[in-house]
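The values are calculated or read from the model by the stated rules, or taken from the named source; none is laboratory data. Model, not experiment: these values are computed from the prediction. All Cβ positions, glycine included, derive from the backbone under ideal geometry; neighbour counts span all protein chains shown. What goes into the accessible areas is simple: the full protein's heavy atoms, side chains included, and nothing from ligands, DNA or RNA. Shrake-Rupley method; radii C 1.70, N 1.55, O 1.52, S 1.80 Å.
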Amino acid sequence: MAIAATFIFQFFVQGATATTLDAETLTVPVDAGGETMVLTQEQAALGKKIFNDTCAICHLTGGTKTNPNVTLSTESLALAFPPRDNVEAIVEFIKDPMSYDGAYNIAELHPGLSSADIFPKMRNLSEDDLVAVAGHILIQPKVNPEKWASGKTKF
C-alpha cells in the first residue's frame, strides 16, 4: 500500500511541476531563410499538450508509426521535400499534409486542417496552436535528445 501511495504522490507532484526551458532551448527556426523565434514557456507547454492529445498516437516520442524510417528528427524534417525543419513548413504541413517527397497530398491518411472533416481533433486548432505544436516538435531534439525520434532508425 505504501508503494502505491508513493507512486501516486510522485505522479501528481511530478505532473504538477513545470519545466522551465532556457531561451536557447526555446529558440526555433521560423523559415527557410534563417529567421528564428523564441517560444514562450506557455507556447512550449501548449505545443506539448496539443501534440500529446492530437499527434502522439502516431508520433509518440517523435517516431512515425506508419513509417519508422521517417521520423520527426531534425534530420528527417530537413530531408523532406520541401524541407519541414522550421515553424512555417511544419504549420503548412499540418494544414495540408503532403508525402515526404512532396509528390502528392496525404490529407486522407494524415490528419490536417484540410481534412478536419475526417479527423475531428483538427477542427479547433488555431494558427497559434499550430505554431505551438511546430515549436514543440522543433525543441524536442534539445529537450529529449536520447528519446526524441530515436525509433527503429537508430540502433
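Shape verdict for the range 12-102, please, from the Cα gyration tensor: rounded (a/c under 1.5), prolate (a/b greater than b/c) or oblate.
Oblate shape, in that a/c is at least 1.5 and b/c is the bigger or equal ratio.
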Heavy-atom accessible surface of the chain: percent carbon and sulfur, 1.4 Å: 62
Mean accessible surface per residue for the chain, computed with a 1.4 Å probe while every protein chain stays in place, in Å²: 63
Folded to 0 to 90 degrees: helix 41-50 orientation relative to the chain principal axis, Cα: 80
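Go through the range 49-112 and name the trypsin sites (Lys or Arg not before Pro) that are in a DSSP coil and have 16 or fewer other Cβ atoms within 10 Å of their Cβ.
Details: sites: K49, K65, R84, K95; in loops: K65, R84.
Of the trypsin sites (Lys or Arg not before Pro), the ones in loops of the range 49-112 whose Cβ has at most 16 other Cβ atoms within 10 Å are K65.
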Rounded, prolate or oblate (a/c below 1.5 giving rounded, otherwise prolate when a/b exceeds b/c) for the range 48-98 by Cα gyration tensor: oblate
Value of [θ]222 nm, deg cm²/dmol, for the chain, DSSP H segments ≥ 4, -39500 (n - 2.57) each, nearest 500: -12000 deg cm²/dmol
Given [x] 9, 35, 35, 17, 4, 0; [y] 12, 46, 35, 7, 0; [z] 11, 38, 34, 13, 4, 1, the label whose value is P(r) over Cα pairs in 10 Å bins from 0, in percent derived from this model: [z]
The chain: angle of helix 127-143 to the longest principal axis, Cα-based, in degrees nearest 10: 70
Cα-based helix-to-principal-axis angle, 2-16 vs the chain, degrees rounded to 10: 50
Under the Karplus curve 6.51 cos²θ - 1.76 cosθ + 1.60, θ = phi - 60°, whole-Hz ³J(HN,Hα) for the range 109-121, x wherever Gly or Pro sits: 10, 10, x, x, 4, 5, 10, 5, 5, 8, 10, x, 5
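At most 15 other C-beta atoms within 10 Å and a DSSP loop state: those are the exposed GluC sites (Glu not before Pro) I care about. Give me the longest piece of the chain that has none. Present the calculation step by step, with values, prior to reporting the outcome.
Details: sites that count: E35, E108, E146.
In the chain, the maximal stretch lacking such sites is 36-107.
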Amide hydrogen neighbours beyond the local backbone of M37, cut-off 5 Å, H modeled: V28, V30
Nonlocal Lys pairs with alpha-carbon distance under 27 Å, the range 44-155 (8 or more apart, or different chains): 26
